[in-house]
Each structure stands twice: as C-alpha cells, then as structure tokens.
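Following: one structure in structure tokens, then a few remarks.
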Amino acid sequence: MSSAEAASPIRFRPASYSATQSRTIEAALVLFAEHGVSGTSLQMIANTIGVTKAAIYHQFKTKDEIILAAAEVVLTRMEAAVDTAEAEKSRSRAREVLIAELIDLAVERRRVVSILQRDPVMVRFLEKHEPFVRVMERLYRLLMGDHAGAEARVAAAMLTAAIAGAVIHPLVLNLDDEALRSELLHLALRLFQLPD
C-alpha cells in the first residue's frame, strides 16, 4: 500500500439512511437469509414492507445498492472494531479487543454474518468491494501479527469461520446471547493463547 493510500484509506460511508430505507434494508436482510441474495427479488422486498417495486427503486437505484447497504450494517461496525483494536498499544490487547468486538457483532447480527460469510453472491460482491477488502486485510493483520506463516493463517481463518459458523449453528440457537458470547470469547481467547 502506498503512503497516499495509508493516509486516506478507503472507508465505508457512514450509514445515513431514511427510516424507509432502513426498513427496506432490514426486509432485504431477512429475505437474503431465507432465500439467498440471488433468490430475493426487488418485488419480494417491496411485498414484505408493503410498497410498490417502484417505491423500492425510488429508495435504491439497483439491487446492488441494497446488497451493499445490507452488508454495511455489519461492515461499518467491523471497521470501527478494527479501528479500536489498532489504537491499542500492545498486540495482545489489540487482539483481545478485536476478538471481543467481532464476537459481539456476530452474536448481535447472527443473520447478517451468515449472509456475509456464506451467500455466494454476497461473497463475490464483497471480494470486489475495495473498502471491504481493506478492512479484512487490516483485520487479518491484527489477528496474525507479523507472522504470515501457516499456523497464524490457519488460526485466523479458524477463528473467523468458527465465530460466523457458531452463531448460527443449530446446537446454539436456543442459547441466549450472553451465554453464547461468553463461551465464544472464552474459546477464541484460548485459541490465540490470550488471557481469559
């Protein structure tokens, strides 16, 4: 990354959606989780919130804009977590902060995390979205530290996949958020050999 890029990183734009747009985004998230991104039409979103398809087009010009807005529900918060962790003085404390923030986010937004990690359309969409790519590079750099060897890479991959998979796994669906958060944090800190 050049010094110019480091000085002015590409960031997620702040979410400043109207109440109607926010309802549209939330409806899209529910439908994406149920039918997948490709299986969700603008008409389905319109029907869910009780408006016309034209009203959806008035709020968002394309389905891609809705997909990005839905992803940004989580990704702006993920970026804030990375910012907070990077501000820590020690690497181990930065990892602790980042892991706790990622777990909080995953537990609170279980449905969205599942879409971001597993929906093939969303995955392909985000792979090309520069702000997402940058945030993930920063996140993995924090988790792996200066070591890009196999062990660090596998540990980072395991952690992120485990958090995303665990929050929607049938075995934990009846756990309340606090119990799930506590267990995830305990196990994640053990994986990275951080104080519990």
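What follows draws every value from the coordinates through simple rules; no lab data is involved. As the structure is a prediction and not an experimental result, all values here were calculated from the model. Neighbour counts are summed over all protein chains in view; Cβ atoms, including those assigned to glycine, are modelled from backbone coordinates with ideal geometry.
At 7 Å along the Cα-to-beta-carbon direction for both Thr52 and Glu86, put a label point, then send me their distance in nm to one decimal.
Going by the 7 Å Cα→Cβ label model, 4.5 nm.
Counting trypsin sites (Lys or Arg not before Pro) as exposed when in a DSSP loop with at most 13 other beta carbons within 10 Å, what is the longest stretch of the chain free of them?
Details: sites that count: Arg11, Lys61, Lys89, Lys128.
Answer from the scan: 129-196.
Can you tell me how the stretch 85-196 classifies by the Cα gyration tensor, rounded, prolate or oblate, using a/c under 1.5 as the rounded cut? Walk me through the numbers on the way to the answer.
On the way: a/c = 1.75, a/b = 1.07, b/c = 1.64.
Cα axes put the stretch 85-196 in the oblate bin.
Given only helices, namely DSSP H runs of n ≥ 4 each adding -39500 (n - 2.57), what is the per-residue ellipticity at 222 nm of the chain, to the nearest 500 deg cm²/dmol?
Values: 11 runs with 143 residues, N = 196.
Helix contribution divided over all residues of the chain: -23000 deg cm²/dmol.
Work out the FRET efficiency for Arg141 and Arg118 from their Cβ-Cβ distance, taking R0 = 22 Å, and round it to the nearest 0.05. Can you show the working numbers first?
Working: r = 24 Å, r/R0 = 1.09.
Rounded to the nearest 0.05, the efficiency is 0.40.
If the viscosity is 0.890 mPa s and the temperature 25 °C, what Stokes-Einstein diffusion coefficient in µm²/s follows for the chain when Rh is the Kirkwood radius over Cα pairs?
Numbers: Rh = 17.9 Å.
Answer from the Stokes-Einstein relation: 137 µm²/s.
Using Cα atoms only, what is the angle between the long axis of helix 19-35 and the major principal axis of the chain, expressed in degrees (0 to 90) to the nearest 10?
80
Under 26 Å between alpha carbons, and skipping anything fewer than 8 positions from Lys53 in its own chain: which lysines qualify?
Within reach: Lys61, Lys63.
Rounded to the nearest 0.05, what FRET efficiency do His35 and Glu151 have when you use their Cβ-Cβ distance and R0 = 45 Å? Don't skip to the end; give the middle numbers.
Details: r = 39 Å, r/R0 = 0.86.
After rounding, the FRET efficiency stands at 0.70.
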